[in-house]
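S.K.: Okay, handing you the structure first.
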There are 2 protein chains.
Amino acid sequence: MGLQGRIDTALSTTITRAQGRAQKTPSKLASALNYAVTPGGARIRPTILMSVAMACGDDKPRLTDAAATALELIHCASLVHDDLPCFDDADMRRGKPSVHRAFSQPLAVLTGDSLIILAFETLARTVSSSPERMAELISILARRSGMPDGICAGQGWESESEVDLAAYHQSKTGSLFIAATQMGAVAAGQEAEPWEELGARIGEAFQVADDLRDALYSEAQLGKPAGQDDLNGRPNAVSLLGVDGAMTRLKDILAGAIASIPSCAGEAQLAEMVRMYAEKVTPAIPAHHRVS
Amino acid sequence: MGLQGRIDTALSTTITRAQGRAQKTPSKLASALNYAVTPGGARIRPTILMSVAMACGDDKPRLTDAAATALELIHCASLVHDDLPCFDDADMRRGKPSVHRAFSQPLAVLTGDSLIILAFETLARTVSSSPERMAELISILARRSGMPDGICAGQGWESESEVDLAAYHQSKTGSLFIAATQMGAVAAGQEAEPWEELGARIGEAFQVADDLRDALYSEAQLGKPAGQDDLNGRPNAVSLLGVDGAMTRLKDILAGAIASIPSCAGEAQLAEMVRMYAEKVTPAIPAHHRVS
């Protein structure tokens, strides 16, 4: 089973448990939980997490599975809440109606809440594998999700008139990538701290690549509304550096990411993973944007 | 320091930590976190939790404090989300504007999310006290908050056309009281299971008392909109049994609660706590409702 299969199996087992027995649980909310996490996008964060864990030996695969699942659940929860009318008011997500459009706003709020709780519950279930690693995984995930440093803080900055841009980007986009590399290392018994830079750089690359896609592609290609940054007046690598400048920046960040990989048994494969990831996220520049 | 002081100190330390350093975190969201948990209501759930822990010896007070804090954070988060326009659309809560009225809807969603995450983070921080108890506390809290059995499930039932009423009431109102008694026991090193009935009965009593207050009192006395059950067509002990019938039912449930207290060192004080709680929640019947 490849990484993708391993992630999807772990996620689907967890969601099935949370859905409970038919008739004994509210069926629409049970369906919405599954709707919110399938079909997956690229599952980038849990893929990075598992790749790091495997590079570090992956000696407790149940812990790695739980960590990857918990991280993806938090990511999916944040998408469901971010799509709500009071935030991005997005009708579409991953090429299908967003949760509040397919179900309702109350069910979208509850779906997000339930997925957040499920993430921590999933980690707590691994106590018999290693209580210390489990507690650290919960702490890292909470720190990178909540206040004052996590994705909640990142969203919170969008309600401020004066924004600390570095803190905003780090918490909004970077934090779950930092969680990915650190949780992968911790699940495999390694220290979290040396893995922060790799996560931060991958997160930065992801943000620049997203800005490029947002500027270059249409709504049909993205599966979600395009040009959202321009609409919402958010700072953007393309508006700051131009398309070519942003492409150069993306390559520099990825080179830095590879250089930052801590010494470990699977260092070479991990560098290869970052290169493949780079190819995947780097958008092809449409002809009318090319400088001749 | 009395129980109330102990709870408020633990909560305020936790909120201050989550607010982070000024300028480095979004200030409105940081303020909203504190606004959502202060001033407290009766702090009934953490009071029950601490009373049970003390009846069982309270040998790890840091764990008890963390458990009480986490439970109250989840309760406050659920109030913030339940008040949102897509649910109860409540303008007032505890005698002041609800979080989305005082701040905004986006900040209310993020406040609830952040408080949920903070609850689990608070428990994870106690790993050095006892990793096993900590993991069980997280599991109980998650089970009683999320899907398929917790307060999210309870709210989810309100979107269904066919409702399992027993499951609805148990999850919507009962679950956090069950969490209170079970987490109190587990924090003090006891088994969770024998404490479920006490929590369930206190939760039932709370529901009947709330129905009575909702039917008898005005909005000014409640500090929130009155007559909400009638408005929303929810089943209600007063509409089923009448005021006198509901009062009799309340007394019976509380007698059952006291009878269910498991054998423990502080059994007598705990029974006294339930009696005091009963006096506190039982509404005085206004003159025009009395049968002469």
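S.K.: Which residues, counting only those in the range B:269-286, are in contact with a helix residue (DSSP H, G or I) (Cβ under 9 Å, 6 or more places away or on another chain) and within 24 Å of B:Gln190 (Cα to Cα)? It would help to see each step written out before you state the result.
M.R.: Pass one, the range B:269-286, residues in contact with a helix residue (DSSP H, G or I) (Cβ under 9 Å, 6 or more places away or on another chain): B:269-271, B:273-275, B:277-278, B:280-286.
Of everything in the range B:269-286, those that are in contact with a helix residue (DSSP H, G or I) (Cβ under 9 Å, 6 or more places away or on another chain) and within 24 Å of B:Gln190 (Cα to Cα) turn out to be B:Gln269, B:Leu270, B:Ala271, B:Met273, B:Val274, B:Arg275, B:Tyr277.
S.K.: Mind listing just one residue for me: the one in the range B:161-203 that is modelled with pLDDT of 95 or more and in a loop (DSSP other than H, G, I, E, B) and, of those, nearest to the other protein chains (Cβ to nearest Cβ)?
M.R.: B:Ala192
S.K.: List the helices (runs of 4 or more DSSP H) inside the range B:75-145, counting only whole elements, that have at least 3 residues being more than 8 Å from chain A (Cβ to nearest Cβ) and touching a residue at least 40 places away in the same chain (Cβ under 8 Å). First the steps, then the outcome.
M.R.: Numbers: elements: B:99-102, B:105-124, B:131-145.
Filter on the range B:75-145 gives B:105-124, B:131-145.
S.K.: Right, A:Lys24: at pLDDT below 95, in contact with a helix residue (DSSP H, G or I) (Cβ under 8 Å, 6 or more places away or on another chain) and within 14 Å of chain B (Cβ to nearest Cβ) or not?
M.R.: On the way: at pLDDT below 95: yes; in contact with a helix residue (DSSP H, G or I) (Cβ under 8 Å, 6 or more places away or on another chain): yes; within 14 Å of chain B (Cβ to nearest Cβ): yes.
Answer is yes for this residue.
S.K.: Related question: Filter the range A:146-159 for residues that are more than 7 Å from chain B (Cβ to nearest Cβ) and assigned to a helix (DSSP H, G or I); which is least open to solvent (accessible area, probe 1.4 Å)?
M.R.: The qualifying residue least open to solvent (accessible area, probe 1.4 Å) is A:Gly154.
S.K.: Could I ask something else about it? Out of (1) surrounded by fewer than 24 Cβ atoms within 10 Å (Cβ to Cβ); (2) touching a residue at least 40 places away in the same chain (Cβ under 8 Å); (3) farther than 23 Å from B:Met54 by Cβ; (4) of a type outside the set (Lys, Arg), what's the single condition that is false for B:Gly189?
M.R.: (3)
S.K.: Looking only at residues that are polar (S, T, N, Q) and farther than 18 Å from B:Gly174 by Cβ in the range B:254-287, which one is least open to solvent (accessible area, probe 1.4 Å)? Working first, answer last.
M.R.: Going residue by residue through the range B:254-287, those that are polar (S, T, N, Q) are B:260, B:263, B:269, B:282.
Filter once more, so that each one left must be farther than 18 Å from B:Gly174 by Cβ: B:263, B:269, B:282.
Details: B:Ser263: 108, B:Gln269: 132, B:Thr282: 46 Å².
The extreme case among them is B:Thr282.
S.K.: Here is a check on your reading of the model: is B:Leu241 closer than 18 Å to B:Thr282 by Cβ and either at pLDDT 85 or above or open to solvent by 40 Å² or more (accessible area, probe 1.4 Å) (or both)?
M.R.: Here the answer is yes, as B:Leu241 does meet what is asked.
S.K.: For the range A:35-55, check the following and say yes or no: at least one residue is polar (S, T, N, Q), open to solvent by less than 10 Å² (accessible area, probe 1.4 Å) and without any contact (Cβ under 8 Å) to a residue 60 or more places away in the chain.
M.R.: no
S.K.: If you don't mind, another one. From the list A:Thr13, A:Thr9, A:Thr25, A:Thr64, which residue is part of a loop (DSSP other than H, G, I, E, B) and among the β-branched types (Val, Ile, Thr)?
M.R.: Going through A:Thr13, A:Thr9, A:Thr25, A:Thr64 in turn, just one is part of a loop (DSSP other than H, G, I, E, B) and among the β-branched types (Val, Ile, Thr): A:Thr25.
S.K.: Let me ask something additional. Which numbered condition in (1) within 20 Å of B:Arg17 (Cα to Cα); (2) of a type in the set (Val, Ile, Thr); (3) open to solvent by 10 Å² or more (accessible area, probe 1.4 Å) is the only one that B:Ile117 fails?
M.R.: Condition not satisfied by B:Ile117: (3).
S.K.: Still on this structure, please answer the following. Is there a residue in the range A:36-51 that is over 17 Å from A:Leu3 (Cβ atoms) and either within 11 Å of another protein chain (Cβ to nearest Cβ) or in a helix (DSSP H, G or I) (or both)?
M.R.: yes
The values are calculated or read from the model by the stated rules, or taken from the named source; none is laboratory data. For clarity, every value in this text was computed on a predicted model and none was experimentally measured. Using ideal geometry, Cβ is built from the backbone for each residue, glycine included, and neighbour counts are taken over all protein chains shown. Side chains included, ligands, DNA and RNA excluded: accessible areas come from the protein's heavy atoms. Shrake-Rupley method; radii C 1.70, N 1.55, O 1.52, S 1.80 Å.
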